[in-house]
Each structure stands twice: as structure tokens, then as C-alpha cells.
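Here the structure is laid out as C-alpha cells; the discussion comes afterwards.
The values are calculated or read from the model by the stated rules, or taken from the named source; none is laboratory data. Predicted model only: the values in this text are computed from it and were never measured. Glycine gets a Cβ as well: all are built from the backbone with ideal geometry, and neighbour counts include every protein chain shown.
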Amino acid sequence: MNRSIKQHGFTLVELLVVITIIGILVSMLMPALSRAREAARNAYCKNNLRQCYIGMSIFADKDPQQRYCSGAYDFRRDGCPDTWGWVADMVNTGAGSPGEMLCPTNPIKYQEKWNDMIGADTTNGKDGASVHRLACGVCNYGGSSFGGTAINTAERADFITRSLLEKGYNTNYAASWFLVRGGVKFEPGATPLSSKIESGSYSFKGLKMTLGPLTRRVTDNSLISSSVIPLLGDAAPGDPDEALLVLDLKRSPATAPAGFSDDGLEQVYAAAGDRLCESFCDGPAQYDVTVPRLALMPKTGVPLEAQMTAESSPTGIGDPVIGSNYWLQDTRDFYCLHGGGRKLSCNILMADGSVKEFADLNGDRYLNPGFLKGVTLTNEEAKTIGYRDGTVDLPPHECFSGMFLSGDVFKRAAFE
């Protein structure tokens, strides 16, 4: 006996219901996946910073002065970046390749100092930079600036891409002022104690007016705990007027410099117009209400006894109680980019090898050590300064933002 079998398919309504349910489940799952990816990137970033500390320790072990590095990643202030600076130190000691140890969360992968190398020669220094440092390594390849390539040309960009970028001399982390500058030099014989006065247009962002890179002797003997002395952190976008890449960073057969073999392939690493990041924090600053702005320490002598007294007080410099009458570190070269959404944070490597994660408490993405106490800014003023208000994101017991790592160890007056 034949039996008819009735076959049923899905109706359109049933398919739509299933698709809707799947869409809801996916939408619920995606934020969790995004958070998991960011957590993995954040962990990778912290591991990179710890590896950088190992590299700095290796350098300090071998350095006669026990410096953690030889300077900043800044061609015009510190010298050719394959010879001078903490990035060069890591590559040259074999401790790691900072160019491959980038923070994966930061969308910016290259330093604003690439523009300097594209458009500067080995005599174009800043803040009293040594001509010898400028002319080291590939910056004076074959006895001429950057292999004899002309400034602001594709050939110059090709040369530095092959000679520096492809060999790991790059980073998207920003150094603290302490790591690469150590502290201000004092004016000999000045009463009261004051910062050094130099003829010329030198600033405390350069080596000439400062003590030079941080040393292990200082951190080991400082009254400031090494666990609160910052070394490296996630780098902020550079200023728009100097941190947009002027030429492609690429290697191409069409622009291969003399003396370089070529595999016939073109490799583009960054395109003209890409945003670049900051190299290191600018140093001591005060809030200038007349502009308003954060003004870096002026190039003339600055009395510092009151600063020293404040830093040795029970509260310590940077406490909101002290306010903005003293010099604090301009930390706007660090940037909060981890976490996703509106709750962002910045990873900072400390001088004891630990990595701390500091939260952006007011949504401006910058870490405020204590500026703008009691100050109300307009939206335009906040845009110019970066800090939205006086919210303290870097409490002094977690991150030192004063000036004197040696602590209150100086005589205040001549005893004899």
C-alpha cells in the first residue's frame, strides 16, 4: 500500500525568526569578543614594556655610568637613532627590536621623528645637540648625510626605511622626561638655588641643560621609590603641525639608494599624511593663566628652593593640595587608549620593572599629575591644553611628577 509522505519546509516567517535570533546572539557576543581582543592586546603591551625594562637593565649593567639608556629617540636632540637613544640601545645590545614590539592597541605605529630625518641633515640640531651625535651611524653613511640623498625626497625616505625602520629602530612608546633627561642642571654659584642659565635658545627638553639619561645609582639611592618613577608609556598622537608624515615610508626599486641591493619588490610601511606619535614627555611645566596654556620651564634661571621644600613635604609635589604654583611634569605625551569605550587607561613602565595601568578619570585621554586645581576651562581652552579640568589621574603616591629624583639631599645654603 502506497503511503503519501508530506514534506514540510521552513516558512519565511520561521527563517526570519531564526535569523533574528542568530543576529541577537551575535550582537551579544561581539562586545565580549572585542573586550577579549583588547585584553589580549593590553597584556601584549605590558609584556613589551617589561621587555624594554630588561633591555634597559642590560644596558645599565654594561654602561660605566649605569645609565638606563643613552638618550631619547630624537634625531635632532639626541643623535642618529641607530646609535643613540633607548631604542638603539635595545637593538644594538640584542635585547629586543622595539620596531617589532609596538603597542597593538595604538593605531599610530611610527614616531614623529621620522619627519625630522626625512627633512633634516646632520647639522640640523636642536637644544645644543652634539654635531658628533648627529653624524653617527647611517645618518652620515659614506661621509654624507643619509647616504647623500636630498632632503624631502622619496630617495631619502627609502634610505631611512631600509637603514632604520626595517632594522627595528622605531617605537610607539613615549619615554618619560626622567628616563631621557634625568633632571635640570643647576646654575653654578647661584643663590638661591636655581636652574642653569645658558646663552642661546636651549630648552630643558635637550641634553645640554639637563643631567642626561637616568642612572641606576639615582634610582637605587633616591628617596623616591623606584616603583613610582615612570620610564615609558603609551604614546599620544603628535601635534598636527609636525606629526603628519610628509612622505611615504617605503622601500621601492624605483628609489633604491646607491649601494643597496634590491629584491625587486615594493614595500610601503606608512603613507604620507599618516598620524605620528610623540617621542618623550617635555619636562617641568606650570599652568599659565594669562594664555591659558601649560608653559614649559623657561630658558632663564628658575628659583627652585620652594620646589625642593614642597617635594620634601609630607604631601609631596603633585598633591592637589599644593596646586599649580610649582613645577609638575608635562605628561601629555602619554595617552589613554586601552580598555575601549569611555573607560580608557594608559600603561606606564616604572623604574622597578613593574607596569602600572592608570585610568583616565575624566574622559580627556590624558593623565593629569595635578595641574588646573580649582580652574574652570572653556571648551576651547580645554581643547588647547588637552586636560579637561583639575582631575588628578596620576596621584603622587603612584607616579612621581615632581623634579628632584634625588630627594631633599641638597644643602639649602653655604655653611662655611
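Please verify whether ASN172 is in contact (Cβ under 8 Å) with a residue 24 or more places away in the chain, surrounded by 15 or more Cβ atoms within 10 Å (Cβ to Cβ) and polar (S, T, N, Q), treating the condition exactly as stated. When the stated conditions are applied, ASN172 passes them.
When the range 344-373 is filtered for residues that are among the charged types (D, E, K, R), surrounded by fewer than 20 Cβ atoms within 10 Å (Cβ to Cβ) and over 18 Å from CYS103 (Cβ atoms), the ones remaining, listed by number, are ASP352, LYS373.
Checked against the criteria, GLY189 does not count as of a type in the set (Gly, Ala, Ser), closer than 30 Å to THR309 by Cβ and either at pLDDT 95 or above or under 24 Å from the mean Cα position of the chain (by Cα) (or both).
On the stretch given as the range 115-132, residues that are closer than 22 Å to PHE204 by Cβ and β-branched (Val, Ile, Thr) total 1.
Consider the range 245-300 and keep the residues that are of a type in the set (S, T, N, Q) and farther than 21 Å from TYR169 by Cα. The one that is surrounded by the most Cβ atoms within 10 Å (Cβ to Cβ) is GLN286.
Does ARG50 count as assigned to a helix (DSSP H, G or I) and in contact with a strand residue (DSSP E or B) (Cβ under 9 Å, 6 or more places away or on another chain)?
Values: assigned to a helix (DSSP H, G or I): yes; in contact with a strand residue (DSSP E or B) (Cβ under 9 Å, 6 or more places away or on another chain): yes.
Spelling it out, ARG50 is indeed assigned to a helix (DSSP H, G or I) and in contact with a strand residue (DSSP E or B) (Cβ under 9 Å, 6 or more places away or on another chain).
May I ask you to say which residue of THR123, THR105 is polar (S, T, N, Q), outside any helix (DSSP H, G or I) and without any contact (Cβ under 8 Å) to a residue 40 or more places away in the chain? Spell out how you get there, then give the answer.
Working: THR105 fails: without any contact (Cβ under 8 Å) to a residue 40 or more places away in the chain.
From the options THR123, THR105, the qualifying one is THR123.
Each row is one residue, and each column tells you yes or no for (1) part of a strand (DSSP E or B); (2) on the phi > 0 side of the Ramachandran plot; (3) of a type in the set (S, T, N, Q); (4) at pLDDT 90 or above.
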{"position": "THR309", "(1), (2), (3), (4)": "no, no, yes, no"}
{"position": "CYS346", "(1), (2), (3), (4)": "yes, no, no, yes"}
{"position": "ASP352", "(1), (2), (3), (4)": "no, no, no, yes"}
{"position": "TYR366", "(1), (2), (3), (4)": "no, no, no, yes"}
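Could you tell me whether the range 150-158 includes any residue that is in contact with a Cys (Cβ under 6 Å, 6 or more places away or on another chain) and either in contact (Cβ under 8 Å) with a residue 60 or more places away in the chain or surrounded by fewer than 20 Cβ atoms within 10 Å (Cβ to Cβ) (or both)? Checking the range 150-158: not a single residue is in contact with a Cys (Cβ under 6 Å, 6 or more places away or on another chain) and either in contact (Cβ under 8 Å) with a residue 60 or more places away in the chain or surrounded by fewer than 20 Cβ atoms within 10 Å (Cβ to Cβ) (or both). Does ASP263 satisfy the condition of being in contact with a strand residue (DSSP E or B) (Cβ under 6 Å, 6 or more places away or on another chain), charged (D, E, K, R) and either free of Cβ contacts under 8 Å to residues at least 24 places away in the same chain or not in a loop (DSSP other than H, G, I, E, B) (or both)? In short, no.
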